[in-house]
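Here, each number is a calculation from the coordinates, and none is a lab measurement. All of these numbers come straight from a predicted model, not from anything done at the bench. Methodologically, a virtual Cβ is constructed for each residue, glycine included, from the backbone with ideal geometry; neighbour enumeration extends over all protein chains shown.
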Protein chains: 2
Amino acid sequence: MSTGLLGLRVDGARLRRSLEAMAELGATPGGGMHRLALSDDDRRARDLLVSWLEELGARVEVDEMGDIFGRRPGRDAALPPVITGSHLDTQPRGGRFDGVLGVMGALEVLRTLDDHGVETLRSVELVDWTNEEGSRFAPAMLASGVWAGALDRDWAWARTDADGFRFGDELARIGYRGSAPCARRPFHACYELHIEQGPRLEREGVTIGVPRGVVCLHWYDVYLEGVANQVGTTPMDGRSDALVTAAEMVLEVRGLPARMGGGMVATVGELTTHPNSRNVVPGAAHFTVDIRSWDDDLALRAWDALQAEFRAIAERHGCGIRVEETWRVRHNEFAPELVARVRDTAERLGYSSLAMESGAGHDASYLATVGPTAMVFVPSIGGRSHVEVEETGWEDCEAGANVLLHCVLASADEPAPGEDAV
Amino acid sequence: MSTGLLGLRVDGARLRRSLEAMAELGATPGGGMHRLALSDDDRRARDLLVSWLEELGARVEVDEMGDIFGRRPGRDAALPPVITGSHLDTQPRGGRFDGVLGVMGALEVLRTLDDHGVETLRSVELVDWTNEEGSRFAPAMLASGVWAGALDRDWAWARTDADGFRFGDELARIGYRGSAPCARRPFHACYELHIEQGPRLEREGVTIGVPRGVVCLHWYDVYLEGVANQVGTTPMDGRSDALVTAAEMVLEVRGLPARMGGGMVATVGELTTHPNSRNVVPGAAHFTVDIRSWDDDLALRAWDALQAEFRAIAERHGCGIRVEETWRVRHNEFAPELVARVRDTAERLGYSSLAMESGAGHDASYLATVGPTAMVFVPSIGGRSHVEVEETGWEDCEAGANVLLHCVLASADEPAPGEDAV
């Protein structure tokens with residue numbers, strides 16, 4: 001990169017306008033967003049993105065999973081490109097920044113390069129990944145998973161939402177089932193700008209988060225079988241109450257991270273009881289356990305300890321117990337040289353930074369299995385995300401986009417191994 | 001009553017056949033019953049009952065709430081009658097005995113009187129009360145409540161089920177919206193034979209339960225407001241997890257009866273969380289509390305203690321809390337002279353008996369507000385009720401019907417005050 005570009009900065013006001021324009025498509029009365037994947041609002045958001053990319057003269061391509069790529073050609077089209085983006089779909093009644101900032105930040109990078117007539121050695125590609133949230137079509141990160149080769153395209157097309165609509169049909173309905181193959185191809189570097197979705201940056205007064213990777217993710221399902229009975233006629237001493245049993249287990253999960261150490265988090269997010277009637281002793285219960293840690297083995301040991309405790313609790317209450325080990329993803333490390341670049345770039349631009357881990361999965365998790373990948377985090381006000389009040393300061397959005405700009409620029413001007421910089 | 005009638009006994013085999021015939025109408029594959037109020041199966045059960053009453057020559061009358069009365073005239077039609085019965089509707093996937101035994105037992109009493117050509121001074125009326133369970137149309141004991149004057153007829157007609165069908169319309173649809181007013185009228189005595197629905201009689205090896213009344217019933221609703229957040233990115237120490245908060249409260253409720261004493265029971269039967277998603281820290285929760293005791297004041301003091309504890313727990317977790325005092329019914333005492341008659345009759349017939357309280361509400365609870373009322377309980381195998389495996393031994397059904405027979409006979413031959421026995 002020419003040293004003349006060191007002073008290059010994005011246009012923060014324009015970035016804000018892009019984010020605000022996107023936030024109109026699927027806005028909720030509560031100030032949030034409800035733009036589920038492949039909904040009409042998702043189509044409108046995609047149309048707007050495509051129109052902006054076309055204004056820039058980018059080459060737009062839509063693949064079979066609806067992923068939108070906007071390519072700004074480099075001097076050597078044969079070299080693997082630099083990829084940057086995120087997703088435009090949101091959680092149900094979610095926020096305006098999760099995902100969208102990474103796409104609008106990438107757009108702002110392309111626009112800034114154009115404003116200043118910057119040529120890069122490698123092409124720079126913006127990408128909007130389909131169905132990252134997984135709220136309408138499970139699982140999350142569906143399209144980046146297919147692109148990375150971890151998930152099968154036909155299986156993905158056959159995923160249905162709660163109303164029985166198929167992913168592939170809905171993709172065609174909104175006009176975004178493209179013809180380009182959804183398949184991994186070499187890239188030189190991939191960066192994803194994203195809100196932190198947690199409170200650490202704000203609490204520590206830091207602008208840029210530099211995740212070294214994504215923690216492991218272990219999901220379990222626990223099923224309890226007690227004895228349903230009339231509440232008024234069943235004495236306390238003979239009860240096998242599945243909800244009381246589950247309540248003790250929920251508190252075990254809550255106390256687990258403190259017992260295990262290592263920055264682990266453990267959560268029961270879902271709990272249902274049966275028959276769930278106010279005058280029947282609960283006869284059955286189901287709940288989920290989510291355990292995350294950078295240390296995969298610690299998370300496994302934690303589950304072993306928890307499971308032993310669960311069985312003891314169930315036995316004490318005379319409840320049957322069945323556990324399912326539903327899903328396990330190992331922790332995922334980003335490319336150390338790109339992580340270092342994010343950190344160094346923040347420092348050079350005068351932003352404070354904090355080394356951390358990502359507690360949430362991102363499209364970048366799948367991208368990291370294909371090529372060198374890193375992320376840039378900016379603070380979430382109050383640490384809130386996946387809710388309507390999700391917010392990030394406009395200055396922090398701009399700071400994140402500036403770090404993204406200079407990371408992309410640096411990677412886009414790196415020659416192929418054995419070549420000199422052009 | 002003539003001493004020649006002391007040896008009178010019901011026909012246990014015929015009682016069993018009646019119960020088995022009724023159990024065919026709405027039978028479930030699991031061996032239980034699914035005969036919701038005003039369903040087609042309820043209509044068939046009513047038709048069968050009416051045909052049996054007509055075979056006996058009883059005068060059948062259906063009132064505006066669908067209650068079916070079958071009158072066996074006494075020598076003095078002007079005297080208030082003896083009423084005995086229960087209900088033919090069942091819980092969803094409930095059992096074959098709850099309610100039905102009280103109606104078939106009453107039928108067996110009428111048949112036995114006919115078999116032996118017994119004349120009584122007072123008329124004896126069998127009754128099938130509509131919608132006792134309240135599972136399809138809330139609240140429970142709807143028709144006996146209207147009859148007793150505690151509930152309004154038009155309000156009852158306007159009750160809707162989960163699909164929006166109105167009680168009054170469904171009553172007309174199945175042909176049981178009768179013309180007789182549903183209104184209290186004097187009776188000399190009322191007896192209801194019912195399964196215990198709890199484990200005490202079986203545990204103590206006793207055949208006849210003699211409830212002195214129905215315990216008080218206090219219902220509460222608790223709403224918690226925490227902070228929903230992404231589970232992976234939200235550290236444990238800053239969470240306001242509404243489910244963890246609710247779990248601590250559930251355990252408080254479980255421990256309450258042991259702390260308060262007095263034979264109280266306390267139950268959380270219903271609990272729901274929001275958004276109830278495995279990767280979101282629960283942001284809100286709702287649960288119910290059901291407290292029952294013979295001692296109304298003890299139950300109120302228990303709630304005061306519980307509520308203080310709830311507020312402390314909510315504050316510790318940073319959760320908002322709102323409580324609603326949803327419903328309170330004071331304990332309800334049966335007529336001591338009739339309770340004594342049930343106990344003495346059991347003894348005279350050679351059945352063991354146990355003084356107890358009813359933990360569940362019954363149509364008899366409303367009847368007791370109008371005139372002298374008592375109940376006869378028989379054992380529930382395993383204490384199970386409101387479930388498909390609900391069961392009572394045939395010999396115990398017969399024993400209960402014999403106690404009912406002799407209680408009815410004794411009351412039906414009692415003269416009006418100031419008269420001699422005829």
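Chain B versus the axis that turns it onto chain A: the residue with the nearest Cβ and the distance in whole Å amount to B:A247, 2.
Using only alpha-carbon positions, what ratio does the radius of gyration of region B:217-329 give when scaled by 2.2 N^0.38 Å? Don't skip to the end; give the middle numbers.
Details: Rg = 14.9 Å, N = 113, 2.2 N^0.38 = 13.3 Å.
Dividing the Cα radius of gyration by 2.2 N^0.38 Å gives 1.12.
Under a Gaussian network description of chain B, with springs only between Cα atoms under 10 Å, the residue in B:L243, B:L88, B:L110 that fluctuates furthest is B:L243. Inter-copy label distances at B:L56, using a point 7 Å along Cα-to-Cβ, come to 8.7 nm with the shortest given first. Label-to-label distance, A:W394 versus B:V389, with points set 7 angstrom from Cα along the beta-carbon direction: 6.6 nm. For A:N229, the residues whose amide H sits under 5 Å from its own are A:V281, ignoring neighbours fewer than 5 places away on the same chain, with H placed 1.01 Å from N. Shortest first, in nm, what separates the label point of A:E204 from those of the same position in the other copies (7 Å along Cα→Cβ)? Going from nearest to farthest copy, the values are 6.6 nm. Shown for A:M375, A:M236, B:M264, A:M22: other C-beta atoms within 10 Å of each C-beta, ranked fewest to most, produce the order A:M236, B:M264, A:M22, A:M375.
Report, in debye and to the nearest 20, how large the dipole of region B:1-125 comes out about its Cα centre when Lys and Arg carry +1 and Asp and Glu carry -1 on their Cβ.
So the magnitude is around 360 debye.
Please report, to two decimal places, log10 I(q)/I(0) for chain B at q = 0.06, 0.08 Å⁻¹ as given by the Debye formula with identical point scatterers on the Cα atoms and no solvent. These q points yield log10 I(q)/I(0) values of -0.28, -0.48.
Distances between copies of B:L6, taken at a point 7 Å out from Cα along the Cα→Cβ vector and listed shortest first: 11.7 nm. Relative intensity of region B:76-131 on a log10 scale, I(q)/I(0) at q = 0.22, 0.28 Å⁻¹, equals -0.84, -1.08, per a Debye sum over C-alpha point scatterers of equal strength in the absence of solvent. On the beta carbon distance between A:A172 and A:E55, with R0 = 41 Å, the FRET formula returns roughly 0.95. Most simply put, the protein assembly as shown has about 70% antiparallel DSSP beta bridges, counting only bridges with both residues inside it. With neighbours defined as other Cβ atoms within 10 Å of a residue's Cβ, the residues A:W394, A:W157 order from fewest to most as A:W394, A:W157.
Mind checking the dipole of chain B: about its Cα centre, +1 per Lys or Arg Cβ, -1 per Asp or Glu Cβ, Debye to the nearest 20?
Details: 42 positive and 66 negative charges, 72 e Å.
Using Cβ point charges on Lys, Arg, Asp and Glu, chain B gives about 340 debye.
Coupling constants for region A:210-225 follow from the phi torsions by the Karplus curve (6.51 cos²θ - 1.76 cosθ + 1.60, θ = phi - 60°), and in residue order they are 10, x, 7, x, 10, 5, 6, 9, 10, 10, 10, 10, 10, 10, 10, 10 Hz; glycine and proline get x. Spatially, region A:85-141 and region B:196-239 are offset by 48 Å when compared through their Cα centroids. Which listed residue (A:G95, A:M356, A:L256) has the Cα farthest towards the positive end of the charge dipole for the protein assembly as shown, taking +1 on Lys and Arg C-beta and -1 on Asp and Glu C-beta about the Cα centre? Going by the charge dipole, the pick is A:L256.
Which of B:D237, A:D344 has the fewest other C-beta atoms within 10 Å, and how do the rest follow up to the most? It would help to have the intermediate numbers written out before the result.
Working: B:D237 8, A:D344 16.
By the 10 Å Cβ count, ascending, the order reads B:D237, A:D344.
Let me check I have the definition right: for the protein assembly as shown, take the eigenvalues of the Cα gyration tensor, multiply each by 5, take square roots. What are those semi-axes in whole Å, largest first? Provide the component values of the computation, followed by the final result.
On the way: eigenvalues 1022, 135, 87 Å².
Computed over the protein assembly as shown, the values are 71, 26, 21 Å.
Placing a pseudo-label 7 Å from each Cα along the Cα-to-Cβ vector at B:L300 and B:R9 gives an inter-label distance of 5.0 nm. Estimated translational diffusion coefficient (Stokes-Einstein, Kirkwood radius over Cα pairs, 25 °C, 0.890 mPa s) of region B:290-422: 132 µm² per second. Kindly work out what percent of the DSSP beta bridges joining two residues of chain B are antiparallel, to the nearest 5. If I count the DSSP bridges inside chain B, around 70 percent turn out antiparallel.
The share of alpha-carbon pairs in region B:240-293 lying farther apart than 13 Å comes to 59%.
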